[in-house]
1. Given a 1.4 angstrom probe, what's the average accessible area per residue across the chain, in square angstrom?
2. What full-extension length gain, to one decimal in nm, is calculated for residue 154 and residue 409 as 0.36 nm per residue of separation minus the Cα-Cα distance?
3. Out of the total accessible area of the chain (probe 1.4 Å, heavy atoms of protein only), what percent is carbon and sulfur?
4. Strictly over 31 Å apart at the Cα level, which of 181/387; 312/387; 102/405 would you flag in this model?
5. Among 247, 258, 276, which residue has its Cα positioned farthest towards the positive end of the charge dipole of segment 239-318, with +1 placed on the Cβ of Lys and Arg, -1 on the Cβ of Asp and Glu, and the dipole taken about the Cα centre?
6. Nearest 20 debye, what's the magnitude of the dipole of segment 468-536 about its Cα centre given +1 on Lys and Arg Cβ and -1 on Asp and Glu Cβ?
7. I need the calculated FRET efficiency for the pair residue 243 and residue 268, taking r as the beta carbon distance and R₀ as 30 Å, to the nearest 0.05.
8. If I fit a long axis through the Cα atoms of helix 129-148 and take the longest principal axis of the Cα atoms of the chain, what angle between them do I get, 0 to 90°, rounded to 10?
Amino acid sequence: AVRAELEGAKGRPGRDVARRAPQGADSPWALSRSGAMAAAELGLSLQGERESGADVRSANVTAVMALSTILKSSLGPQGLDKMLVDDIGDVTITNDGATILKQLEVEHPAAKVLVELANLQDTEVGDGTTSVVIVAAELLKRANELVKNNIHPTTIIAGYRLAMRESIKYIQANLSVPVDKLEQDVLLSIAKTTLSSKFVGAESELFTKIVVDAMKAVKVVGPDGKAKYPVGQVNIIKSHGLSSSESMLIAGGYAIQLSRGSQEMPTYVASAKICLLDFDLKKHRMSMGVNIVIDDPEELERVRQKEMDLTKEKIKKIVDAGTTVLFTTKGIDDFAMKYLVDAGVMGVRRVSKGDIKRIGKCTGARLLLTMADMEGEETFDPACLGKADEVSEQRVGDNDFIFIKGCAATKAATILLRGANDFMLEEADRSVHDALCAVSRTLESNSVVPGGGAVETALSLHLEDYARKWDSYEQWAIAEFAEALLTIPKTLAINAALDAIDLLAALRVRHHAAQTAQDSKKDYKWYGLDLINNGVRNSVTAGVLEPMVSKLKSLKFATEAAITILRIDDLIRIAPEQEQPM
């Protein structure tokens, strides 16, 4: 760290530039004596741990490659799962790149960039988190080799940017297929491709249908006329018991894992009018610090009665407005429950804030924080009520669920996942969420690209030719970018226990023919790996498809992450501040 002796405005030593480091030649933080003396003459005492140049680059590449190696074996339909155990013994079994990196406690600053990269890909696209990290790590490793061969990092960065832009142009011009031009149901193919590498891939027929139907059920047309498919409108709930093949979709409805407040309440309400509250329904009590001094014992009874009447009046106003179902984020005590039971209202308490907001969005109900109006009186406006065709309580497995069907305001869907244990349910949840994101992106962007390493192989060959158009050092960076992309089909083949060199050679021949030959061989550009039959095939006709936006974003994100880390040529660790003796 660098420590500058700056005098503050009030005469205190300034600490903006650095912190105090341990003094003395024996200190592990002390730098070379000559450097420290030279700095001292300038009024600076340089003390701290500093790495620069080749050392810091090699350390960054080592850290990034370590993360990439962890993730590599989980890529593709034949990828393996990782078991992650945290410090309190909780176990997570997954092969989702973003989840693995989130669970790992990464300390290295360069490796943290990759963790953020995977999270970004997860939020933006949903799928492709593993491949984006593998490509970024490979780009960085190859860039480091170029730096060792005396090519300046700035030149490599410029070359990588050129390669990325050319890749995006090439995908959009040659490798994308508009959804409406394909005969088969593209959405089912997209969902199946995403789920093929997941734990629920064995039940992909069922889950692809559930995912596609759920996304179609939540279609919303915006003011500009464009259709949106919000993944947030699909609620995923999990229940122990049965097998994953018993999972189901509750179309046009919302479900929460709660039960009625009292067994006396109705279990089914048709044409429900729904009230949402964010306050307690319980016997009224005076606020903290308010004391009532009573001389007459009869007055005490009247005060108690008044407290009870206040709550009674509040519930009466809610019921008189037409409420038949009531949800609250807080509690409902037995006293208030009695009045709700008498009125035949279904009451549900302790609903989470997230669920109650989504119920409000689906049914058109307004969440009330208080019943007080501008005059200080308590009133209830019937316009705050939401509507649904039916609200019912049903038992699924070991738990009770409240189902809201036929929501009036916006469309909603709920996927109910079944499974033998927590690990399976959690992984199924992550898998279904990824598939929902992929289908949503496809519906919104309306373009798909072939999967199975087809895009990466085609880009690699195209970039090799494109690199030769440059007579400067950038040519080497573009050529290395092209090579780095091949790591995806190579890893896919290796994870399937196949001969990667043989398969990649066959794939490159097809793509080379497509890029150079006449129309008769143009279909070869759709060819990708067939990992089950140990060969290559037309990925588009086989239904191995991915959303185009997923490929474009993963290329952009991987390149930007590699460039971010490549720009670093100095690492300064600030020395911990030493406590002064009293």
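1. Numbers: 28960 Å² over 582 residues.
Solvent-accessible surface per residue comes out at 50 Å².
2. Values: separation 255, 0.36 × 255 = 91.80 nm, distance 5.39 nm.
Length difference between fully extended and current span is 86.4 nm.
3. Numbers: 14690 of 28960 Å².
Of all accessible area on the chain, carbon and sulfur atoms account for 51 percent.
4. Working: 181/387 40 Å; 312/387 24 Å; 102/405 35 Å.
Beyond 31 Å: 181/387; 102/405.
5. 247
6. On the way: 8 positive and 9 negative charges, 43 e Å.
I would put it at about 200 debye.
7. Values: r = 28 Å, r/R0 = 0.94.
My answer for the efficiency is 0.60.
8. Compared with the principal axis, the helix lies near 30 degrees.
The values are calculated or read from the model by the stated rules, or taken from the named source; none is laboratory data. Everything numeric in this text was worked out from a predicted model, so none of it was measured. Cβ: placed from backbone, ideal geometry, glycine included. Neighbour counts: every protein chain shown. These area figures cover heavy atoms from the full protein model, side chains too; ligands, DNA and RNA do not enter into them. Shrake-Rupley method; radii C 1.70, N 1.55, O 1.52, S 1.80 Å.
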